[in-house]
1. Six or more apart or on different chains, Cβ atoms under 8 Å: show the pairs whose first residue is in the range 184-209 and closer than 25 Å to Glu234 by Cα and whose second is not in a helix (DSSP H, G or I).
2. If a residue counts only when it is among the acidic types (Asp, Glu) and surrounded by fewer than 19 Cβ atoms within 10 Å (Cβ to Cβ), which helices (runs of 4 or more DSSP H) contained entirely in the range 160-275 have at least 3 such residues?
3. Which one of these is of a type in the set (A, V, I, L, M) and at pLDDT 95 or above: Ala171, Ala197, Ala150, Ala178?
4. Do you know which residues across the range 65-85 are among the hydrophobic types (A, V, I, L, M, F, W, C) and open to solvent by less than 30 Å² (accessible area, probe 1.4 Å)?
5. Do you know which of the residues in the range 146-200 that are of a type in the set (Ser, Thr, Tyr) and within 17 Å of the chain's Cα centre (by Cα) is nearest to Leu79 (Cα to Cα)?
6. Considering only the range 41-64, state which residues are without any contact (Cβ under 8 Å) to a residue 60 or more places away in the chain, surrounded by fewer than 20 Cβ atoms within 10 Å (Cβ to Cβ) and part of a helix (DSSP H, G or I).
7. If you go through the range 1-45, how many residues are at pLDDT below 85 and within 29 Å of Gln120 (Cα to Cα)?
Amino acid sequence: MATAQPVRAQLSPVENVAVGAFGGALETCLLMPVLTFKFCTQEGRALPKNVAGWYRGVGVQAGTVAPITAIQMMVNGVLQGLALRGEKRALTDWEQIYTAAGAGAISALVYSPVDLTTIQQQKLNLNSVSALSHVVREHGVSSVFRGFVACATREAVYTAGYLGAAPVISAQLAKLDAFQDKQFAAGLCGACIAGTAAAMVTHPIDTAKTCYQSDMAGVTYSSARAALPKLVAEGGVRALYRGGAARTTRVCGAFFVCMTIRDYAIDYKTAREQP
């Protein structure tokens, strides 16, 4: 008779914060050139001409994506606890996905202003503080949440991907003969499948959000929703996927890095708790 697999440990809020912060900072530093390429392509801006240009904004991105990822993982842990209701069992696949989606939507309260600051920082060639000050001075405090709904939608799908779908798909792949004793390959394939799907679904939203946040005066885009048909009218459906390859690459890489670090932490804690 097969031995029952132990229920994996749940990370505490503090552990989730630590794992999320490390994973978010690491994936951002590794993939910042890809993010810069995406921003430039979506806005129609010229690509940087030196290494410093490719990494301009990496400080604000890494320094704020880290706590954002930490928030996503912490809120996800809280929502998972609510879903379990004190039961000692494994989460269902759907529970993993919808709790992650909720955590992503909540994280947009922080992430939306971060994206806007980075876009304005690169567009105006200012540091993060100066860019944010310029936005508030010229457009008011409420303008820092420009594009919030679009960002919340994007992050709900994104977080459902790396904290929900990617682990679920990876676990299913690991059961196949082709992936026996190949956890790394199963994890990478699972991250790429979930990451590609998430990127394809959310990229039009992300493109509209980027254009809307870039046009602070509202001269061209009055809202992210209004940007969608305008972009299609100007450049067809292809216009909604400007920078799509770069963002898909970034998303797949981020899914794999964050999921792998979190899995290592959970496996370590599970092993420590075994008698």
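1. His203/Gly243; Thr207/Arg242; Thr207/Gly243; Ala208/Tyr221; Lys209/Gly147
2. Once the helices (runs of 4 or more DSSP H) in the range 160-275 are filtered for at least 3 residues that are among the acidic types (Asp, Glu) and surrounded by fewer than 19 Cβ atoms within 10 Å (Cβ to Cβ), what remains is 244-273.
3. Only one candidate qualifies: Ala197.
4. Val65, Ala66, Ile68, Ala70, Met73, Val75, Ala83, Leu84
5. Ranking the qualifying residues of the range 146-200, first place goes to Thr159.
6. Selection gives Val51, Ala52, Gly53, Trp54, Val58, Ala62, Gly63.
7. 9
Here is a yes/no grid of residues against (1) farther than 30 Å from Thr99 by Cβ; (2) of a type in the set (Gly, Ala, Ser):
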residue	(1), (2)
Gln122	yes, no
Ser128	yes, yes
Val135	yes, no
His139	yes, no
Arg146	no, no
Val149	no, no
Thr159	no, no
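The values are calculated or read from the model by the stated rules, or taken from the named source; none is laboratory data. All of these numbers come straight from a predicted model, not from anything done at the bench. Cβ coordinates were reconstructed from backbone atoms using ideal geometry, including for glycine residues, and neighbour counts include every protein chain displayed. These area figures cover heavy atoms from the full protein model, side chains too; ligands, DNA and RNA do not enter into them. Shrake-Rupley method; radii C 1.70, N 1.55, O 1.52, S 1.80 Å.
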